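Working notes, beginning with the structure itself.
The values are calculated or read from the model by the stated rules, or taken from the named source; none is laboratory data. As the structure is a prediction and not an experimental result, all values here were calculated from the model. Methodologically, a virtual Cβ is constructed for each residue, glycine included, from the backbone with ideal geometry; neighbour enumeration extends over all protein chains shown.
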Amino acid sequence: MQLEGGVEAAMDGDVLFGYGRALFTKKQADAALRALSRAVTLLPGSADAHHVLGQAQAKLGQPDAAIASYRKAVDLAPGWADALVSLGRLYGKLGRDAEALDPLTQAAGMAQEDLTTQLSLAGVLERLGRPADAVAPLQQASSLSPDDPAIAARLGAACAAAGRWEEAAQAYRSAARVSPDADNQLGLGRARRALGDLVGAEAAFAASASANASGFDAWLGLGQVRAAAQNHSGAEEALRAAVGLRPDHAEAQKAHGEVLAALGRHEPAAAAFEVATRHRADDGAAWAALGRAYQALGRDADAARALAKASEVGEGGVDTLLALADACAREGRVDDAASALGKARAAEPADAGLQEKVAEKYAAIGRMDDAIGAQRSAIEIAPSTARKVALGDLLLASGDVTGA
């Protein structure tokens, strides 16, 4: 039963503090606040009194006052875990994670066996984008609650974000063992793929897709690992499911196009690459793949445009440039073909085999001077009788009998 204000005023500090704490325990926060506010004036050096006052203030929606009370408690009792935790958690609830970090770090160091404190610190670190630092408190939390799949999954995600794939796989295995749901299997699949375990990754991705047939990421991952294992038909099936769920996803469309091309299905491959480049116009690899698909379909003008775009946005590797030269040559665009060949030569000037290949392509479009120059470069880089004979043939074809 609540006492009258006059009785409260007559109490000494310790009794008043005990009274206020009892009221707070009974969820009478308003009355507790009045008693505790007076108690701290009588007990200014009591960290405990300031701490409980802060709890009442926080309960009543007075965060600034609560922070001040918690800070006073920490100042009076440095290293007191309870006050540090209260301060850190309140900062976290207010979205002030940078300020929550220091008190929670101190508290977690002193309260190694307190699960909630370890998880609170991990949560702050995760929100601050510091997954590598979140691993330690999550590992401690997992050791305190080894059968909790949610903690194991959080640990797996933190390890993955930090690039610690062995630990990520171990954590996700623990989570999946207790709760083999789609998310845990998906995390396990990603970790195993990062470790190069394609068989294990395929099994985990397949389990995730089976648990959630609308799980786009599981189907995409399954298709990608099957493609990496050269199981193109299996990859196509999985990637078809992925693009069915997310038809506007550039990465999925590109991956689907690649396996379709590997299966010799160039028309649907081209369609997939068209979607990929439409949604991500800066993907040079997708443009190059689209160009090759067009070439396989005999659509040389379209191939030349796609390959030129690939070169323009940064996929100007030698293979792309040579393919562009071929497409332009078939279109009768000799100058454009020669330009692409020149860029290919410049890209790898010390590659004798490339210089020789470029010489052949120059000759095929009638650019004999350029062909002779490229062949001479091949000989300078790696002399051989065969290359000298080829140079002689080029000189003869150009009408330079003396040079030949």
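For this structure, a couple of remarks:
- Of the listed requirements (1) polar (S, T, N, Q); (2) surrounded by 22 or more Cβ atoms within 10 Å (Cβ to Cβ); (3) at pLDDT below 95, residue 339 misses just one: (2).
- Residue 136 falls short of the stated requirement of being assigned to a helix (DSSP H, G or I), at pLDDT below 95 and not polar (S, T, N, Q).
- Comparison of 313, 318 shows that the only residue that is more than 25 Å from residue 249 (Cα to Cα), hydrophobic (A, V, I, L, M, F, W, C) and surrounded by fewer than 21 Cβ atoms within 10 Å (Cβ to Cβ) is 318.
- If the condition is being touching a helix residue (DSSP H, G or I) at 6+ places or on another chain (Cβ under 6 Å) and within 15 Å of residue 119 (Cβ to Cβ), then the stretch 157-174 contributes 158, 171.
- When the test is whether a residue is part of a helix (DSSP H, G or I) and either among the aliphatic types (A, V, I, L, M) or at pLDDT 95 or above (or both), residue 363 passes it.
- Evaluation of residue 328 against (1) under 20 Å from residue 257 (Cα atoms); (2) buried (at least 23 other Cβ atoms within 10 Å of the Cβ) (one fails), failing number: (1)
- Qualifying residue in the stretch 239-255 (condition: surrounded by 16 or more Cβ atoms within 10 Å (Cβ to Cβ), in contact with a Gly (Cβ under 9 Å, 6 or more places away or on another chain) and under 23 Å from residue 324 (Cα atoms)): yes
- Candidates 303, 323, 285: the one that is over 25 Å from residue 230 (Cβ atoms) and touching a residue at least 12 places away in the same chain (Cβ under 8 Å) is 303.
- Index of the failed condition, residue 144 passing every other in (1) at pLDDT below 95; (2) surrounded by fewer than 19 Cβ atoms within 10 Å (Cβ to Cβ): (1)
- Qualifying residue in the stretch 275-290 (condition: under 17 Å from residue 240 (Cα atoms) and either more than 29 Å from the chain's Cα centre (by Cα) or buried (at least 24 other Cβ atoms within 10 Å of the Cβ) (or both)): yes
- Where helices (runs of 4 or more DSSP H) sit wholly within the stretch 1-120, those with at least 1 residues that are touching a His at 6+ places or on another chain (Cβ under 9 Å), among the aromatic types (Phe, Trp, Tyr) and under 30 Å from residue 133 (Cβ atoms) occupy 63-76.
- Count of the stretch 58-74 residues which are farther than 15 Å from residue 17 by Cβ and buried (at least 16 other Cβ atoms within 10 Å of the Cβ): 7
- Filter result (among the aliphatic types (A, V, I, L, M) and surrounded by fewer than 19 Cβ atoms within 10 Å (Cβ to Cβ)) within the stretch 117-141: 128, 132, 136
- The residues of the stretch 162-177 that are of a type in the set (D, E, K, R) and part of a helix (DSSP H, G or I), listed by number, are 166, 167, 173, 177.
- Note on the stretch 170-223: residues that are basic (Lys, Arg) and surrounded by fewer than 18 Cβ atoms within 10 Å (Cβ to Cβ) total 1.
- Of the residues examined, residue 134 is one that is in contact with an Asp or Glu (Cβ under 6 Å, 6 or more places away or on another chain) and among the small types (Gly, Ala, Ser).
- Pair list, Cβ < 6 Å and 6+ apart or interchain, from the stretch 240-259 residues that are under 20 Å from residue 291 (Cα atoms) to residues that are among the β-branched types (Val, Ile, Thr): 252/243; 253/243; 253/275; 256/243
- Within the stretch 331-363, tally of residues that are out of contact with any helix residue (DSSP H, G or I) (no Cβ under 7 Å at 6 or more places or on another chain) and among the aliphatic types (A, V, I, L, M): 2
- Among the criteria (1) surrounded by fewer than 24 Cβ atoms within 10 Å (Cβ to Cβ); (2) farther than 18 Å from residue 187 by Cα; (3) touching a residue at least 24 places away in the same chain (Cβ under 8 Å), the one residue 235 does not fulfil is (1).
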